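> Below you will find the structure I want to go over with you.
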Amino acid sequence: MYEIWLALNILWEMALTVWPLILGAIVLWLVLMVMAWRSPGSRWHAGLPVALLAALIVGVAAFVALPGQSRSSFADMGYWVDWLNLLAMAAGFGGIAAAFVWPLAAMARKTGLRREAA
């Protein structure tokens with residue numbers, strides 16, 4: 001249990017160092033959500049597969065890239081907490097990607113925008 005608490009404290013301290021970036025991302029996400037919500041013909045359900053695909057791609061890329069960002073490797077990860085943290089961070093990056101892509105995909109897949117043949 002101590003390891004989990006330590007990991008949460010480390011994440012909190014890391015978040016404190018980049019709080020303006022986090023705040024900006026939250027504001028940008030809220031703007032995207034409002035734009036998609038107010039946009040006529042947005043298809044939320046049709047945008048979900050695109051968002052999930054983006055989450056999968058970003059999550060896998062983060063899983064592979066994150067150990068190298070800390071000058072580590074998969075061989076150095078011998079403890080279950082290391083793997084759990086890596087999976088959680090990769091899932092977090094994937095979730096953030098899905099959160100940003102979903103409103104954009106919903107707006108891009110609007111209904112009623114087909115061109116009529118002249």
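> Sorted from fewest to most neighbouring beta carbons within 10 Å, what does the list Met1, Met77 look like?
On the way: Met1 5, Met77 14.
Ranked by crowding around the Cβ, least crowded first: Met1, Met77.
> Helix-derived [θ] at 222 nm for the chain: sum -39500 (n - 2.57) over DSSP H runs of at least 4, divide by residue count, nearest 500?
Numbers: 4 runs with 91 residues, N = 118.
My calculation for the chain gives -27000 deg cm²/dmol from helical runs alone.
> With everything on Cα atoms, drop me the angle between helix 19-38 and the longest principal axis of the chain, reported from 0 to 90° to the nearest 10.
20 degrees
> Could you tell me how many degrees, from 0 to 90 and to the nearest 10, lie between the Cα long axis of helix 2-17 and the main elongation axis, the longest principal axis, of the Cα atoms of the chain?
60 degrees
> I would also like to ask the following. Please list, by residue number, every one of the trypsin sites (Lys or Arg not before Pro) in the range 1-88 that is coil in DSSP and has at most 12 other beta-carbon atoms within 10 Å.
Details: sites: Arg38, Arg43, Arg71; in loops: Arg43, Arg71.
Qualifying residues, ordered by number: Arg71.
> Then there is this: Ala46 to Tyr2: FRET efficiency via 1/(1 + (r/R0)^6), r the Cβ-Cβ distance, R0 41 Å, to the nearest 0.05? Write down the numbers at each step before the final one.
On the way: r = 46 Å, r/R0 = 1.11.
E between Ala46 and Tyr2, to the nearest 0.05, is 0.35.
> To the nearest 10 degrees, how steep is helix 44-69 against the longest Cα principal axis of the chain, on a 0 to 90 scale?
30 degrees
> Label Val81 and Trp19 with points 7 Å out from Cα along Cα→Cβ: what is the distance between them in nm?
About 2.6 nm, to one decimal.
> Hey, fewest Cβ within 10 Å first, where do Met107, Met33 land in order?
Working: Met107 19, Met33 15.
So the residues, fewest neighbours to most, are Met33, Met107.
> Give the Rg (one decimal place) followed by the Dmax (whole number) of the chain, computed from C-alpha coordinates and expressed in Å.
Taking only Cα atoms of the chain, I get Rg and Dmax of 18.6, 69 Å.
> A follow-up question, please. Sequence gap at least 6, Cα distance under 8 Å: using those rules, report the relative contact order of the chain to the nearest whole percent.
Working: 101 pairs, mean separation 49.6, N = 118.
Here the relative contact order equals 42 percent.
Computed from the coordinates by the stated procedures, all read-outs in this text should not be read as laboratory data. Just so it is clear, the model here is predicted, and its values are computed rather than measured. No Cβ is skipped: glycine too gets one built from the backbone with ideal geometry, and neighbour counts run over all protein chains shown.
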